[in-house]
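A quick write-up on the structure given underneath.
The values are calculated or read from the model by the stated rules, or taken from the named source; none is laboratory data. Bear in mind the structure is a predicted one, so any value in this text is a computation, not a measurement. Don't worry about glycine lacking a Cβ; one is built from the backbone with ideal geometry, like all the others, and counts go over all protein chains shown. Areas reflect the complete protein model, heavy atoms only, side chains present, ligands, DNA and RNA absent. Shrake-Rupley method; radii C 1.70, N 1.55, O 1.52, S 1.80 Å.
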Amino acid sequence: MRFTPHILAAACASIVPVHAAAAPHTVGAVVQTLPSDDGLDLRLSSGARVHVGFVTADVVRVRMTPGGRFAPDVSYAIAGTPPTSRATLTTHEASVELRSATGTRVVIGTRPELAISVYDGAGKLVVADDPARPMAFNPVDGTVETSMRRDDYELYYGFGEKTFPLSRHQQTMVMWNSDVPDYPAGHDPSYESIPFFIALHDGKSYGLFFDNTRRSWFDMGKTDPHRYSFGAAGGELDYYVFTGGPARTPAGVLRDYTALTGRGALPPLWALGYQQSRWSYMTQEQVLDVAHEFRRRHIPADVIYLDIDHMDGFRVFTWNPKTFPDPKTMLDRLHDAGFHAVTIVDPGIKFDERYPIYRSGREQGIYVRNADGGELHAKVWPGICAFPDFTSPAARAWFGSLYKAPLDLGVDGFWNDMNEPGVFAPDDFKQPDISLGPHKTFPLDARHAGDGIPGTHAQYHNVYGMQMARASFEGLRNLRPDKRPLVLTRAGFAGVQRYAAVWTGDNSPTWTHLALTIPMLTNLSVSGVPFVGADVGGFMGSPGAELHTRWLQAAALTPYFRTHSNDVSAPREPWAFGAAYERIDRATIELRYRLLPYLYTLFADNEQSGTPPMRPLWFAYPGDARARLVDDQFLAGGDLLVAPVLHEGQTRRDVYFPQGDTWIDWWDGTRHAGGTAAQVAAPLDRLPLFIRAGAGVPVAPVVQNTGEMKNVPLTIAVAAGAGGTSHVFQDAGDGYGYRQGASRTITVTQDAHGVRLEMPPNRGYQRVGAIDIIGLAAAPAGVRIDGEPARDVHFDAATRRLRIALPNENVKRVEF
Ligand code: GLC
C-alpha cells in the first residue's frame, strides 16, 4: 500500500534534505515468522523486517528496519542493554499472539498488512496500530513512521521540554534540540527532546517511547483525532510500549520507563538549596559581595554561579586574569561562608593555536569533523570554535579530565550550556537571522564517531547535549569518586536524567512564562527527568517586583531552584526590589529550606521508584477526571499540593483538591475535602500550600545554608485526620555511602489514636526533636508520649497546630 507522506514528514523535509519525495511504502503482509525467546521475528512482503518482543512482562518492544537488517542493538537512551522476557506463542489463522508471564498480550495481525495490538493482563486494549495507516517507510529518504488508533478522550503527557499546554493531545511536536531564546509559548521544538509520553484514558495509563535519535515527530491526533502518528527522518522504527503492569498507573509506567533509561541519581544536598546566578557576576569581588550580602541579610543560599564572563576570552576552563585574578582565594572564601560555586562550561573550544586546551583536543583528534574530513568550525561566544565529539568515548574522557583544574581550585558544580548544539549564524549568512534555522547548529552531514557506529550530525544531533553532560558527569565522578556531581544541562535526550539536572533555558520575565513553568516542568518530570527548574524571574529581561516575588514562590518547591537573568537585566538578588519585597522573598526561600529534608527524601525515593519530586495532579490521581488538565497547581511529592499565584494583581485563587484525600491548609489548618474546589486567600506574602491529611512531612528550622542543617533538629509535620505512613530519608548529604547502607529511613505512621515512630539508630543525622500536628480543630485534652503525659506541648489556635517536643529519639508513640 502507498500513501501520501505524512504532513509533518513533509515539514521535516524542508530541513532534512531529501530527494524527490517518493511515497512511503507500508511494510506489507507478514511472509515469514521466526520465533525467538522473547517474541517473534517477522519478514514482511516489502522486504522490511520487524521484531516484536517482551522487554519485561509488561513492556513490549517493536523494531522495524526497512532494509531487512537490524542495526547493532545499542542506544544512548537506554542504560545498559535492554533485557528480554519470555513470550508464549499461539498461532491463529491470520494472526499470531504473544503472551507474557503477567498475561500482557501482543496480537500480531499478519495480513493484508502487519497490525500490532497490545492488551493488558486484564484483556483491555492498550494500543493498536491503525489499519488505515500501517507502519511504513520511505525507501528513498529513509523516513519511518507508524500510527495508532486513538480514542477521543485520550490525553498525552511528557515529550520532554515542550512549551505546549499540559496535555499534548491534538498537538504536533518535533524532536530536534534547538536553542530558542525568548521562546514564545507554543514554540516547538525546544532545547530538550524526549520522545516518550504517558497516555491517560479512563483512569488507565500506558507509556510509549520512540527510541530514535534523529529528527522525529509526533502528531497526537491533530491531523485526525482518531489516530496518532510518529516517525523519524531515518533509522529504525524502534519503540517500547509500557503497559504499566496490572494497575496501569502513571507511576507504574514511569517506573518501567526509568528502569530502562535510568533514574536521576540523588543530588548532593547542597544542590537542593537556593541558587543565585546572573550573566554575569563580573569580578571576583562582586561574587564575594553578593555572597556576603546573602549572609548579612540572613537570606539562605547555597550556590552562586559564574557565567561566561569569568573566563579569559570565553575560553572554557580558564579564568579572566584581570577580573578573576585569584579564583582560589575567592572559592575558599565562598566555602568559608557556606557557599558552593558552579561555573559554566560550553562545548565550543576557541580555535586558537595559543590555547593549550584547543591544541590538546586537536592532538587527540577529538573534534567533530565536516563531511570533507576537516575540523568543524562554528562561531559561539569566543568566536570561531571547534567542538568535541561527545559521541566518542575518547572525547568524553578527554573533556571529563579537564574538570580536574577547576575542581582542584574548589569549583563545586558545572553548568553545560549551548549544547543542543547551538551556534551563531556565520558572518557571511545572508538570510534574516531567525532564532531557529539550520544555520543555528552543525551541518547535518558533519561526522560523529557514534561510539563505534559512525554517523552524521542528522543522526546524533539530539544526543550531543546529553553526551556532553555524560562527559562532565563521568569526568567528575572519576576525579572525585566520593562526591555526587552537580551537572546542569540545557540540552538533552531520553536518559539525560542519569547525568544532569535540566533547566528550561532562556525564558522571559512575563506572567505567561511564569504560568508556563508548571506544564513545562511537570511534563519534563514525567519524561523521567526529576531535577528540573526554570530561571526564576525569567531570563530575558527584568521582571517587576510582584512578578519576581510570585515567581520565587512558584519555584520554591520545584526541584531545581535558581534565579538567573541575562546580561542586560536589572539586578535580581532577593534584596533588589526593596525592603517590603525582601522580607517576603526571604520568607519564600526560608520555606524552601524548611522543607528541604522532605525534598531530599523525594529525590531518594525517585532513585528507587522513578517517581519524580514534582508531579502533575493527574500523575498521582489518574482516576480523578477533574485533575487531568489542572496546569496551575502541582504536587511536591505525594504530600504537598502547591497552588502558586500566576496572575498579576491576584490575591485570592481557586484551588482544586484532588479526589480521595483531604487537604489541610499549611498556613491556617483549614481542611478541604478532595474532589472540591475552593477559593483561598493568597496575599502577596503567601504561597498557597496544602498538606495531605495522613501525611508526615519532615521540616527543619531555618538555616542559612545546607551545611548548617546537620546540627538542627527536625520536626515531623503530621497532617491530622486520616491514617497513613510516610518516610523520611537521611544520609550524609553527599557521597555514595547511602548505597552501602549509610543512611536511615524514619517511618511515621498515623492511626486513629496518634502517631507511631520507627527511628533506626542515628549515625550522625539530624535528630527528630518534635512533632507538629497540623489541622486540629482544638487543643486535645491530653498528649501522651509512650504512655506518659507529655511535658512540652503547645497549641496555636491561629494555625491549628499542636507542637509536641520529643524528649529523645527513643520515642515510639505519641497519642493525642
Ligand atoms: C545562554 C544560556 C544562559 C546564559 C547565557 C550566557 O543564553 O541559556 O543561561 O546565561 O547563554 O552564557
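Assess whether Pro559 counts as being open to solvent by 10 Å² or more (accessible area, probe 1.4 Å) and part of a loop (DSSP other than H, G, I, E, B). Answer is no for this residue.
Of all residues in the range 495-520, those that are away from the ligand (no atom under 16 Å from the Cβ), open to solvent by less than 10 Å² (accessible area, probe 1.4 Å) and touching a Gly at 6+ places or on another chain (Cβ under 7 Å) total 2.
Candidates are the residues of the range 478-494 that are more than 16 Å from the ligand (Cβ to nearest atom) and touching a Lys or Arg at 6+ places or on another chain (Cβ under 9 Å); the one that is least open to solvent (accessible area, probe 1.4 Å) is Arg484.
Among the strands (runs of 3 or more DSSP E) confined to the range 683-750, the ones with at least 2 residues that are open to solvent by 30 Å² or more (accessible area, probe 1.4 Å) are located at 724-731. Is it true that some residue in the range 459-477 is farther than 22 Å from Val342 by Cα, open to solvent by 50 Å² or more (accessible area, probe 1.4 Å) and without any contact (Cβ under 8 Å) to a residue 60 or more places away in the chain? The answer is no, given that none of the residues of the range 459-477 is farther than 22 Å from Val342 by Cα, open to solvent by 50 Å² or more (accessible area, probe 1.4 Å) and without any contact (Cβ under 8 Å) to a residue 60 or more places away in the chain.
Here's the yes/no breakdown for (1) part of a loop (DSSP other than H, G, I, E, B); (2) hydroxyl-bearing (Ser, Thr, Tyr):
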residue	(1), (2)
Tyr598	no, yes
Thr601	no, yes
Thr611	yes, yes
Val630	yes, no
Leu635	no, no
Val645	yes, no
Gly649	yes, no
His672	no, no
Gln679	no, no
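Taking the criterion of being in a loop (DSSP other than H, G, I, E, B), over 32 Å from the mean Cα position of the chain (by Cα) and surrounded by fewer than 16 Cβ atoms within 10 Å (Cβ to Cβ), the residues of the range 764-789 that qualify are Ala777, Ala778, Ala779, Ala781, Gly782, Asp786, Gly787. Check whether at least one residue in the range 67-77 is touching a strand residue (DSSP E or B) at 6+ places or on another chain (Cβ under 6 Å) and part of a strand (DSSP E or B), and report yes or no. No. Among the residues of this structure, Ala199 counts as one that is under 18 Å from Pro165 (Cβ atoms), away from the ligand (no atom under 16 Å from the Cβ) and surrounded by 24 or more Cβ atoms within 10 Å (Cβ to Cβ). When the range 404-424 is filtered for residues that are more than 15 Å from the ligand (Cβ to nearest atom) and assigned to a loop (DSSP other than H, G, I, E, B), the ones remaining, listed by number, are Gly410, Val411, Asp412. Being surrounded by fewer than 24 Cβ atoms within 10 Å (Cβ to Cβ), on the phi > 0 side of the Ramachandran plot and at pLDDT below 95 is a property that holds for Gly245. Only one entry of Arg470, Arg550 meets the criterion of being away from the ligand (no atom under 16 Å from the Cβ) and within 17 Å of the chain's Cα centre (by Cα), and that entry is Arg470. Would you say Ala247 is away from the ligand (no atom under 16 Å from the Cβ), touching a Lys or Arg at 6+ places or on another chain (Cβ under 8 Å) and aliphatic (A, V, I, L, M)? It is false that Ala247 is away from the ligand (no atom under 16 Å from the Cβ), touching a Lys or Arg at 6+ places or on another chain (Cβ under 8 Å) and aliphatic (A, V, I, L, M). Where strands (runs of 3 or more DSSP E) fall wholly inside the range 289-395, no range has 2 or more residues that are away from the ligand (no atom under 16 Å from the Cβ) and aromatic (Phe, Trp, Tyr).
For Gly660, the requirement of being part of a loop (DSSP other than H, G, I, E, B) and under 26 Å from Ile198 (Cα atoms) is met.
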